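Just below is one structure, and these are the notes that go with it.
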Amino acid sequence: MSPDRGRDRDPGGRPRNARPRDGLGRPLPRPGHGEDRIPDDLSLAGPDAARLADDLLRAGRPFHAHEVLEASWKTGPPGERDLWQGLAQIAVGLTHAHRGNARGAVALLSRGAERVRAYQAASPVAAGPEDRPYGIDLAAFLAACDHLVARIERDGLTGIPAADLRPGLTVSTG
């Protein structure tokens with residue numbers, strides 16, 4: 001008998017993980033007790049993806065924000081690959097921080113910020129206030145990530161308020 005029998009697969013035969021997850025993306029043991037999942041075939045325009053990811057990050061759901069950002073990385077224009085992939089890596093870093101994994105948090109936050117900076121360097125838009133693709137405040141978001149990395153490296157995750165693990169992605173309108 002095949003070990004994959006009954007496993008959820010997409011039309012191309014690749015495995016999907018439809019298992020329910022908690023708010024931090026950890027698999028739950030029983031079906032029907034998880035948070036709503038981001039659809040595997042999600043396709044949002046840049047502004048909509050940025051807003052949804054921002055809402056999820058601010059709600060303390062970085063794993064779900066990662067799924068939104070990853071979908072944009074896979075379906076967006078090639079010139080935006082570093083932007084979306086870097087933001088997705090930062091969301092994974094925040095997931096590690098929420099789960100108490102300081103080493104993973106620092107690694108992914110740093111790697112993601114580096115990738116977003118590569119996007120900025122290659123972008124025709126000059127750095128500064130205009131550097132806000134899809135309303136994403138790259139300067140503020142990267143500064144929050146850098147500050148968080150420095151704090152984790154210095155003090156670990158103990159004592160970091162939950163609010164500091166929920167950075168806003170887009171420009172605040174309120």
Return the total of residues in the stretch 74-99 being under 11 Å from the mean Cα position of the chain (by Cα) and either aromatic (Phe, Trp, Tyr) or not in a helix (DSSP H, G or I) (or both).
-> 1
From the list 135, 159, 168, which one is under 25 Å from residue 45 (Cα atoms) and out of contact with any Pro (no Cβ under 9 Å at 6 or more places or on another chain)?
-> 168
Restricting the stretch 131-174 to residues that are of a type in the set (Val, Ile, Thr) and in contact (Cβ under 8 Å) with a residue 12 or more places away in the chain, which is surrounded by the most Cβ atoms within 10 Å (Cβ to Cβ)?
-> 136
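Values quoted throughout were computed directly from the atomic coordinates according to the rules given, and no laboratory measurement underlies them. Since the model is a prediction, treat every value here as computed from it, not as a measurement. Virtual Cβ from ideal backbone geometry, glycine too; neighbours counted across all protein chains shown.
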